[in-house]
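Below is one structure, written out as structure tokens, with a few remarks after it.
No value in this document is a laboratory result; all are computed from the given coordinates. Everything quoted here is computed from the prediction, not taken from an experiment. Methodologically, a virtual Cβ is constructed for each residue, glycine included, from the backbone with ideal geometry; neighbour enumeration extends over all protein chains shown.
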């Protein structure tokens, strides 16, 4: 991995465990950790990239059918909440960017009231569409995790200026300028309205890959993972684009949200905890 990125702090908000072979072709049956990452991007006043897990997840999964989520994806909390980990830095946050609306990326939202929230129109459709609780659960979406004023605080990614990306980011061609030095790039397939963030030489890709080897060694997840994908064909296409990007731009630091190997050296240490 290239040098540790500057201007971004990374936080561990909990984890679940699944067989390695599900996340990475050729892996073993041994369970590996899938930490849920949240990131604090310092640029332009301070922005959170996702909020990870939080105790609100337990509340949202107390009853059926939502309890099925907790049973099939047991979550371990072994650290303070994201807001506690941030400490005084929490007061500097001006925006929260949601890569997508899966529970392990939005469970901490209620801990950050009144702050502007950014996500895509496609992701918002999960909330607006009149589908059953079971259908939402199948897509990893727990509406109970959203604050009551979610839509009042929301700005859609598509409302920001669309820009053409520099040639060194090919095959990705366009993005949305969210703030100075922060660009949202669509990484479709894993979930509805799935986006990553580019900040200087760092690309946060959320769940466009689960393990960095998906990209660097062309070892994609097992086909069974398609059962939890919004569009598996689009996921495969996005993964191929990331592989191409990696092959010609080794200065770019690509960070998946659940790759323990990538994140273990990046977790922010708070000496007061």
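Couple of notes before you dig in:
- Helical content of the chain, expressed as a calculated mean residue ellipticity at 222 nm, amounts to -5500 deg cm²/dmol (DSSP H runs of 4 or more residues, -39,500 (n - 2.57) each, divided by residue number, nearest 500).
- Protection-proxy order for peptides 110-121, 20-31, 202-213, each taking the mean of Cβ atoms within 10 Å per residue, highest first: 202-213, 110-121, 20-31
- Per the Cα gyration tensor, region 106-190 maps to an equivalent ellipsoid with semi-axes of 27, 17, 11 Å, ordered largest to smallest.
- Bridge orientation summary for the chain: considering DSSP beta bridges with both residues in this region, about 65 percent are antiparallel.
- Considering only region 66-220, percent of DSSP beta bridges that pair antiparallel, nearest 5: 70
- Cα-only Debye scattering, region 8-263: base-10 log of I(q)/I(0) at q = 0.08, 0.11 Å⁻¹: -0.28, -0.55
- FRET efficiency, residue 200 to residue 63 (Cβ-Cβ, R0 25 Å, nearest 0.05): 0.05
- Additional length obtainable on full extension of the chain from residue 17 to residue 232, 0.36 nm per residue less Cα span: 75.2 nm
- Prolate/oblate/rounded label for region 1-135 (Cα gyration tensor, a/c 1.5): oblate
- Burial ordering of 176, 232, 53, fewest other beta-carbon atoms within 10 Å first: 232, 176, 53
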